[in-house]
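The values are calculated or read from the model by the stated rules, or taken from the named source; none is laboratory data. Just so it is clear, the structure is predicted and the values come from calculations on it, not from any experiment. Please note: Cβ atoms are built from the backbone with ideal geometry, for glycine as well, and neighbour counts cover all protein chains shown. The area values use the complete protein model at the heavy-atom level, side chains included, leaving out ligands, DNA and RNA. Shrake-Rupley method; radii C 1.70, N 1.55, O 1.52, S 1.80 Å.
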Amino acid sequence: MKKILLLTTGGTIACEPTADGLVPALDGATLIKMVPGLSGLCDITSQEILNLDSSNIEPVHWQLLARALEKNYFDFDGFVITHGTDTLAYTAAALSWMLQHLQKPVVLTGAQQPITMPNSDAQANLQHAFAAACANVPGVMVVFGNKIIGGSQAQKMYTESRDAFVSVNAESWADITQTGICWRPRLMQQVARVQAAPQFGFKVLSALEPRVALIKLIPGLDPGIIDYYLAQGYKGLVLEGFGAGGVPNGHRNWLPKLEKAVQAGVRIVCATQCVYEGVNLHKYPIGTWAARAGAKSAGLLTTEAAVTKLMWELANTK
Ligand code: ASP
């Protein structure tokens with residue numbers, strides 16, 4: 001039997017009702033007991049890392065998870081992390097950057113309804129997450145609803161529906177059907193290539209620069225907001241702009257503030273408020289000039305992936 005480590009962090013999946021709403025309460029052993037199908041599938045050890053609503057999860061908690069994975073890496077065949085859905089995409093993306101040359105599955109899952117509620121999606125998500133963790137497909141992935149999504153490509157799109165996550169700008173890794181997990185043939189070819197190539201050692205680069213902010217542009221937003229972040233010592237800014245990306249250069253001209261920030265050593269990344277098809281800074285002058293001022297494009301990255309990548313790059317590259 002495969003040995004799988006369950007790391008729990010809280011979230012709705014582990015919640016109990018209280019007068020103030022749902023509060024994470026259940027531990028890993030209780031979650032496992034509530035999914036009878038797991039006992040014949042794998043040998044599970046559980047470890048509580050946190051017990052939080054994921055809105056309270058911060059970069060320091062991503063580092064706790066990365067270190068727990070590093071410590072236990074050689075003792076297990078795969079890993080499942082239960083997590084609140086609200087910021088699960090950030091944690092999955094952050095782990096995707098921090099866990100280098102990962103040769104084992106690290107599977108994040110959660111639920112829209114507590115496991116103790118009738119007709120909860122928790123049992124199915126856990127069953128599928130453990131099946132994915134046993135499947136020898138390396139990498140950070142999100143198992144939720146009826147699909148498996150690459151860790152840096154997931155985005156939460158629905159607050160209530162079971163199929164809460166989509167895979168952005170990339171095919172999902174697998175569909176989950178009545179007959180089980182159907183991995184995409186193209187992904188399996190990639191996996192085979194990775195497994196055949198010389199193996200680089202698994203390495204955790206868990207340093208992160210937390211002084212990164214996301215600025216969502218709205219029409220007419222005052223670029224003076226950048227001065228606030230400079231004064232507070234921020235090292236990176238993701239500007240979530242409109243359409244193909246770029247910054248306003250008209251009456252509200254963002255370029256002088258952008259140049260000032262870049263000269264002060266702040267890294268600027270342009271992302272987009274559109275979910276699909278990414279940033280193209282060379283399509284319009286608003287993008288061309290931002291690039292000339294020193295802004296980089298987030299390309300096809302989601303905002304979650306762009307923010308976490310910037311935090312990780314600032315701490316790990318010169
Ligand atoms: N508020 C919850 C959380 O993110 C939502 C969920 O888990 O679905 O922790």
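List of remarks:
- Annotation: residue 238 fulfils all but one of (1) over 27 Å from residue 89 (Cα atoms); (2) in contact with a Leu (Cβ under 8 Å, 6 or more places away or on another chain); (3) in contact (Cβ under 8 Å) with a residue 60 or more places away in the chain; (4) of a type outside the set (Asp, Glu); the unmet one is (1).
- Of all the residues in the stretch 87-117, those that are open to solvent by less than 10 Å² (accessible area, probe 1.4 Å) and more than 19 Å from residue 310 (Cα to Cα) number 9.
- If the condition is being in contact with a helix residue (DSSP H, G or I) (Cβ under 8 Å, 6 or more places away or on another chain) and more than 20 Å from residue 254 (Cβ to Cβ), then the stretch 281-312 contributes 301, 302, 304, 305, 308, 309, 311, 312.
- The stretch 15-45, subset open to solvent by 80 Å² or more (accessible area, probe 1.4 Å) and under 30 Å from residue 136 (Cβ atoms), residue farthest from the ligand (Cβ to nearest atom): 39
- Residues that are open to solvent by 10 Å² or more (accessible area, probe 1.4 Å) and aromatic (Phe, Trp, Tyr), drawn from the stretch 228-276: 228, 229, 234, 242, 276
- Residues (open to solvent by 80 Å² or more (accessible area, probe 1.4 Å) and more than 20 Å from residue 95 (Cα to Cα)) located in the stretch 191-213: 193, 195, 196, 198
- When residues of the stretch 46-70 are limited to those that are touching a Gly at 6+ places or on another chain (Cβ under 8 Å) and within 16 Å of the ligand (Cβ to nearest atom), the one farthest from residue 3 (Cα to Cα): 55
- The strands (runs of 3 or more DSSP E) found entirely in the stretch 135-180 that carry 3 or more residues being under 15 Å from the mean Cα position of the chain (by Cα) are 139-144, 147-150, 154-156, 165-167.
- Of all residues in the stretch 150-174, those satisfying the criterion of being among the small types (Gly, Ala, Ser) and either in contact with a Cys (Cβ under 8 Å, 6 or more places away or on another chain) or more than 16 Å from the ligand (Cβ to nearest atom) (or both) are 150, 151, 152, 167, 170, 172, 174.
- All positions within the stretch 46-77 that are surrounded by fewer than 16 Cβ atoms within 10 Å (Cβ to Cβ) and of a type in the set (Val, Ile, Thr): 60
- One residue stands out among those in the stretch 71-120 that are out of contact with any helix residue (DSSP H, G or I) (no Cβ under 9 Å at 6 or more places or on another chain) and of a type in the set (D, E, K, R): the one that is farthest from the ligand (Cβ to nearest atom), which is 75.
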